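The values are calculated or read from the model by the stated rules, or taken from the named source; none is laboratory data. This structure is a prediction, so every number in the text was calculated from the model and none was measured. Here the Cβ positions follow ideal geometry from the backbone for every residue, glycine too, while neighbour counts run over all protein chains shown. Keep in mind that these areas ignore ligands, DNA and RNA; they rest on the heavy atoms of the full protein, side chains included. Shrake-Rupley method; radii C 1.70, N 1.55, O 1.52, S 1.80 Å.
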Amino acid sequence: VTFAAQHSIGWRFFPAWLQAFETEFGPILSRLRADNLPNCVSDLMRCEVDFVLSYESRHARGVETSPAIRSLRIGADRLVPVCKPDSTGAPQFSIDGSSTAPIPYLQFGPSAPIGWHVEAILRERDLLARLTTIYENSMAGALRIRARDGLGVAWLPLSLVHQDIDSGLLTMAGVDDWAIDVEIRLHRLERNVNPVVRAIWTFLADRVDRPLV
């Protein structure tokens, strides 16, 4: 069974989810292909992978709705604005308050649809005018490194940065209201008749209200 996932999902969520899944379902022979979401979807449509994992929020979809693709929720995460703290523990770059000073922004590249969820809230709250993009990358892990280096603010999955926040390497750059709740959804082709794929899907659909992680 082959899974494809956005880089940021494959980094932390997927290994924990797969371990929990196999504990409940039983061991499976699987592989993960981490890539940008459009490539993951293309691979799915060509039947090169069995499942695709993606983010979805009220701000943006992950995989577009299609009669050919089935989808269900398997988890959740939050995209949170983080930056390096100063010597007092306060954010070096705060997005709260009335200051009009430019804020250095570590932005997801155009090939990373995770950025759609972030851009929507920035436009909704008129924050774009205060942000100055200084670095762009499609991988959350690369943005995390730049944020830890003190170069700016990035919206990153909490599953990726919670240990950095707990250890003081990163801090929230704004109040909790700036966080973006995202679902993690699993997608497969309706025409996929692989019996293992069907069994996995049935198992997850029966417990959709009880995510594994």
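Of S71, S42, S111, the residue with the greatest mean-square motion in the GNM of the chain, using alpha carbon springs below 10 Å, is S42.
Take C40: with every protein chain present and a 1.4 Å probe, its accessible area is about 0 Å². Once you list every other residue whose beta carbon is under 9 Å from the beta carbon of L44, what net charge do they have if Lys and Arg are +1 and Asp and Glu are -1? After counting each charged neighbour, the total is -1. Counting only DSSP beta bridges with both residues in the range 2-119, the antiparallel share comes to about 10 percent. Looking at the range 103-177, the trypsin sites (Lys or Arg not before Pro) that sit in a DSSP loop and have at most 13 other Cβ atoms within 10 Å of their own Cβ are R125. If a/c stays under 1.5 just call it rounded; otherwise compare a/b with b/c (prolate if a/b is bigger, oblate if not). Do that for the range 96-170, with a ≥ b ≥ c from the square roots of the Cα gyration tensor eigenvalues. Because a/c hits 1.5 or more and a/b fails to exceed b/c, the range 96-170 counts as oblate. Taking all protein chains as they are arranged and a probe of 1.4 Å, the heavy atoms of M139 leave approximately 80 Å² accessible to solvent. Looking at the chain, the DSSP beta bridges with both ends there are about 60 percent antiparallel. For the chain, the 222 nm mean residue ellipticity estimated from helices alone, with every DSSP H stretch of n ≥ 4 adding -39500 (n - 2.57) and the total spread over all residues, rounds to -9000 deg cm²/dmol.
Size descriptor for the range 1-96, Kirkwood hydrodynamic radius: 15.6 Å (Cα pairs only, one decimal).
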